[in-house]
1. So how far apart, in nm, are the two label points at residue 15 and residue 209 if each is 7 Å from Cα heading toward Cβ?
2. With n ≥ 4 as the cut-off for DSSP H runs, can you work out [θ] at 222 nm for the chain, using -39500 (n - 2.57) per run divided by the number of residues, rounded to the nearest 500?
3. Could you line up 209, 22, 75 from fewest to most neighbouring Cβ atoms inside 10 Å?
4. Using per-residue counts of other Cβ atoms within 10 Å, averaged over each peptide, order 109-121, 258-270 from highest down.
5. Of the candidates 173, 19, 99, which one comes out as most mobile in a Gaussian network treatment of the chain with C-alpha springs shorter than 10 Å?
6. Over the chain, what is the relative contact order in percent, taking alpha-carbon pairs closer than 8 angstrom and at least six residues apart?
7. Along the principal axes of its C-alpha atoms, what lengths does the chain span, in descending order and rounded to whole Å?
8. Once the piece of chain linking residue 121 and residue 23 is laid out straight, how much longer is it, given 0.36 nm per residue of separation minus the C-alpha distance between them?
Ligand SMILES: O=C(O)CCC(=O)C(=O)O
């Protein structure tokens, strides 16, 4: 099975067929939403950020214990309103030293580039995207989270099957993912894999603070219907819109090709933001719209 693919309308707003596909599947694939030049500009900016990033500034956080230490937990927990750099597990040797050039060692940068960097801001605060979000039912969009996901050659790790509302929860659920392929993504380099139609079944896990600890709580059935998985191959420039309850994952990238993507998560500010969510922003950085 494969999902329908669409091309963007001139002003970005969805056609009735797009809205129908999104409501039915929980996914909406729009090829060529961004031009190759727009993708290249974001990749060049990302490259510049990595160039200016000195791994030594965070080496003590990741050394030896990898990403499991208390310091690594805090580095993540405090990243909601910052631009922070996260490494792949396979980037470190047994004594905690980086075994790769930093450009091929990173898993992601997150989580507020859309507010802190002008190039990311321009890519994200695209009025065609605003029209799309509105047409899909987000009444008062708030740009809550952004990530560059590198999926580097050979060591790009898998992302387990999840629903985005597990991590960015509102009542009612409103989070919507806008995932852009900055490079061709297919089955050989770890493209997104989704399970269409399951979003109608509700939230299965919630990742929230209990006291000062982040805890994953089971709410529903454990196993995803893997037999219904579809590969969401995405040529460069493709936008995949993900309903907050649509389960998705990506496989490791064992290929020699990278698979850079940019994911922007939007909530509806007319809903209630769950105070136990991991992502926190300073009062001087309120969630803004498009
Ligand atoms: O890019 C990936 O591999 C996973 C992205 C993802 O899970 C997300 O944006 O929610």
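Read-outs: derived from the displayed coordinates by stated rules, not from any lab. Treat the numbers as computed from the prediction; the structure is a model and nothing was measured. Methodologically, a virtual Cβ is constructed for each residue, glycine included, from the backbone with ideal geometry; neighbour enumeration extends over all protein chains shown.
1. Here the answer is 4.6 nm between the modelled labels.
2. Rounded to the nearest 500, the figure is -5500 deg cm²/dmol.
3. Ordered by Cβ neighbours within 10 Å, fewest first: 209, 75, 22.
4. 258-270, 109-121
5. Highest fluctuation of the listed residues: 99.
6. 27
7. Cα extents, longest axis first: 55, 43, 42 Å.
8. 32.5 nm
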